[in-house]
Amino acid sequence: MAELPARADPVAGLIDIPLPQEVSLLPQTWASRIAVGLLLVAVIAAVWSILRHLFLNKYRREALAELKGIERAAGDVRPDALAQLTVLVKRTALAAFPREQVASLAGPAWLSFLDRTYGGDEFSHGIGQLLASAPYERTQPSEAQLGSLVGLVNRWIRGHHV
């Protein structure tokens, strides 16, 4: 048998295709570097602002959670629901405002302070008067009065200005 002549490898003569250089992920111009830096600063500022807002309003979230518990009890017209509301409003004010400004307030001055920080007159001239007068009265407020007072306290907690 005669041997077949060896064929030349057809791939052996090909030349590798030169690959392009790797692309850098860093910005190439100064303007794009400044834009990336400003974007990074904006993201950091936004995260800081959100965290600060969450931290500063933690007392509001806790007060609203406690108010929900009182609100459930308000349907039963428990004798201590009004006292709990009074304590909750005072504690919330002490958490939000300087102690020297809030701790000594009582009666009409206390109601005036609540009106001033809320931007209304529902405490001094409305259902909010129960916070100052009801603890000293012999009769308990009705369910409707207590419900209105819970609503007013809820609006004050959500909307008072520090």
Filter result for Lys58 (among the charged types (D, E, K, R) and farther than 23 Å from Leu146 by Cβ): yes
Any chance Arg91 is of a type in the set (Lys, Arg) and either within 23 Å of Lys58 (Cβ to Cβ) or in contact (Cβ under 8 Å) with a residue 60 or more places away in the chain (or both): yes
Answer residue from the range 38-67, given it is among the small types (Gly, Ala, Ser) and modelled with pLDDT under 95 and is surrounded by the most Cβ atoms within 10 Å (Cβ to Cβ) among those: Ala63
Of the criteria (1) part of a helix (DSSP H, G or I); (2) out of contact with any Phe, Trp or Tyr (no Cβ under 7 Å at 6 or more places or on another chain); (3) surrounded by 18 or more Cβ atoms within 10 Å (Cβ to Cβ), which one Trp156 fails: (2)
Members of the range 68-86 that are within 14 Å of Leu130 (Cβ to Cβ) and either at pLDDT 90 or above or in a helix (DSSP H, G or I) (or both): Ile70, Ala74, Ala81, Leu82, Ala83, Gln84, Leu85, Thr86
Residue count, the range 107-136 (criterion: in contact (Cβ under 8 Å) with a residue 40 or more places away in the chain and more than 26 Å from the chain's Cα centre (by Cα)): 4
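One line per residue, one yes/no per condition, for (1) under 16 Å from Leu67 (Cβ atoms); (2) in contact with a Leu (Cβ under 7 Å, 6 or more places away or on another chain); (3) surrounded by 14 or more Cβ atoms within 10 Å (Cβ to Cβ); (4) at pLDDT 85 or above:
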residue: Ala103; (1), (2), (3), (4): no, yes, no, yes
residue: Gly107; (1), (2), (3), (4): no, no, no, yes
residue: Ser112; (1), (2), (3), (4): no, no, yes, yes
residue: Tyr118; (1), (2), (3), (4): yes, no, yes, yes
residue: Ser124; (1), (2), (3), (4): no, yes, yes, yes
residue: Gln129; (1), (2), (3), (4): no, yes, yes, yes
residue: Thr139; (1), (2), (3), (4): no, no, no, no
residue: Glu143; (1), (2), (3), (4): no, no, no, no
residue: Leu149; (1), (2), (3), (4): yes, yes, yes, yes
Residue ID - farthest from Tyr118 (Cα to Cα), chosen from residues in the range 131-153 that are in a helix (DSSP H, G or I) and β-branched (Val, Ile, Thr): Val150
Test: Lys90 is under 16 Å from His160 (Cβ atoms) and either in contact with a Phe, Trp or Tyr (Cβ under 9 Å, 6 or more places away or on another chain) or loosely packed, with under 14 Cβ neighbours inside 10 Å (or both): yes
Which numbered condition Pro27 fails, given (1) more than 18 Å from the chain's Cα centre (by Cα); (2) surrounded by fewer than 10 Cβ atoms within 10 Å (Cβ to Cβ): (2)
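The values are calculated or read from the model by the stated rules, or taken from the named source; none is laboratory data. Worth saying up front: this structure is predicted, and the values here are computed from it rather than measured. Positions of Cβ are generated from backbone atoms using ideal geometry, with glycine treated the same way; all protein chains shown enter the neighbour counts.
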